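In what follows, a structure is listed as structure tokens, so that the remarks can point back to it.
Every read-out reported here was derived from the displayed coordinates using simple, explicitly stated rules and does not represent laboratory data. No experiment lies behind these values; they were computed from the predicted model shown.
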């Protein structure tokens with residue numbers, strides 16, 4: 001008597017890339033969370049170097065007289081010592097500004113110098129606005145929560161697995177959106193928080209669009225060019 005052969009369907013083999021994707025995503029998420037927890041420390045040489053790098057990228061060829069100087073007010077810090085303005089968002093807000101200055105220098109300079117559009121008499125301070133934008137994005141993504149509470153968070157984490165610099169790119173887009181809305185609303189400094197709220201709402205809408213799979217797919221990404 002011949003035993004009946006039992007057909008066992010073969011399981012599809014996962015490619016090494018598919019197996020590595022969750023690991024890469026988790027590693028990048030943990031690195032980003034770590035970046036968000038670093039406070040700016042004016043005594044750390046690497047933090048001092050980052051500040052100098054920001055100055056050089058913002059004002060090429062213009063000598064910086066010191067890490068505490070009246071010159072910093074030109075960039076839109078509240079006082080002579082920019083380190084006091086990082087308390088809200090930490091070192092990552094400096095990294096974001098530096099990334100923007102180096103990656104999209106033309107757009108960065110346009111916003112810094114308030115070029116284009118009808119400007120308010122009392123404009124938003126550029127650098128401090130940048131710190132606030134970092135903090136807004138951190139709140140919007142809510143990456144520290146144990147479970148995803150919004151689809152935006154889940155969508156962003158997927159984008160992060162595709163591009164480790166997704167947070168920094170989103171920051172650049174957010175800055176451009178904020179400035180555009182500032183002009184459209186004819187806003188003044190006292191309305192900055194309202195503009196920031198509407199900026200967040202627009203970012204959330206764009207991130208949840210079906211066709212947006214990367215930061216570069218966001219409709220407002222084009223504002224950077």
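Quick notes
- In the chain, the longest principal axis of the Cα atoms and the axis of helix 91-103 are about 90 degrees apart.
- Quarter of the Cα convex hull surface for the chain, i.e. its orientation-mean projected area (nm²): 17.2 nm²
- Taking the C-alpha atoms only, the angle from helix 151-162 to the longest principal axis of the chain is near 80 degrees.
- A helix-only calculation puts the chain at -17500 deg cm²/dmol for mean residue ellipticity at 222 nm, using -39500 (n - 2.57) for each DSSP H run of at least four residues, averaged over all residues.
- C-alpha long axis of helix 192-207 to longest principal axis of the chain, angle in °: 20 degrees
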